[in-house]
Amino acid sequence: MSKPDELLVDVAALVESGQSNQMSLTVVTGGAVITGRLAPEAVWRQRVSEVLTDSASLGEFSAVFTAMTRGEGPPTHLHFHVARILQGTVGIPETGGMYRVAIADVTAWTMGDFSYSDH
C-alpha cells in the first residue's frame, strides 16, 4: 500500500493500547499470507528476546529486542505471535512463529485467522 490502511492502523493501535494478544488477523504481504494473533510490540519484543536468550548460538541478539522501544505516533508494524505463513494446506511453522510486518506493505487483510491443515 502506498498509504497504510487507516482502519488497519486503528486495529494495531487498539492492540497496542490494550496490551491484548487475542486479536486474530490474516494479512497478505509480499505475496505471502500470514495468519495469527497480534501482540503489542513490547510483548512481542519480550517474547522474541526470551526465545533468543534460550538459544546457545543466538543469545547475544536478545538485548537488541529489549533495548528498543516504540516511538510516538501511530503503529507502523503489526506484531504477530502464534502465527503461520500459509503455503497450500500447510501452516509454517507448525508451532507458530513470531512475525513483524510493516503495515504499509499489507496489500489485503481480514479479521480472524484462516484454517489450514498440516496433514
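The values are calculated or read from the model by the stated rules, or taken from the named source; none is laboratory data. Since this is a predicted model, take the numbers as computed values, not measurements. Virtual Cβ from ideal backbone geometry, glycine too; neighbours counted across all protein chains shown. Note: accessible area is taken over every heavy atom of the protein model, side chains too, but ligands, DNA and RNA are not part of it. Shrake-Rupley method; radii C 1.70, N 1.55, O 1.52, S 1.80 Å.
Taking Cα centre as origin and charging only the Cβ of basic (Lys, Arg, +1) and acidic (Asp, Glu, -1) residues, the dipole magnitude of the chain rounds to 40 debye. For A39, what is the net charge nearby, where nearby means another residue's Cβ is under 11 Å from its Cβ and Lys, Arg count +1, Asp, Glu -1? In short, +2.
Kindly identify the range 6-60 as rounded, prolate or oblate by the Cα gyration tensor criterion: order the square roots of the eigenvalues as a ≥ b ≥ c, call it rounded if a/c is under 1.5, otherwise compare a/b with b/c, prolate if a/b is larger, else oblate. Oblate. Counting only heavy atoms of the protein chains and using a 1.4 Å probe, E16 has close to 30 Å² of accessible surface. When nucleic acids and ligands are ignored and a 1.4 Å probe is applied, S57 ends up with an accessible area of around 90 Å².
Among the trypsin sites (Lys or Arg not before Pro) in the range 37-107, those placed in a DSSP loop whose Cβ has at most 16 other Cβ atoms within 10 Å are R70. A 1.4 Å probe over all protein chains sorts T29, T110, T53 by accessible area into T53, T110, T29, starting with the largest. Computed from label points 7 Å out along Cα-Cβ, the spacing between T95 and S17 is 3.6 nm. Looking at (1) 21, 17, 14; (2) 24, 16, 13; (3) 22, 20, 12, which value of semi-axes √(5λ) of the Cα gyration tensor in Å comes from a calculation on the structure shown? Label (3) holds the value from this structure.
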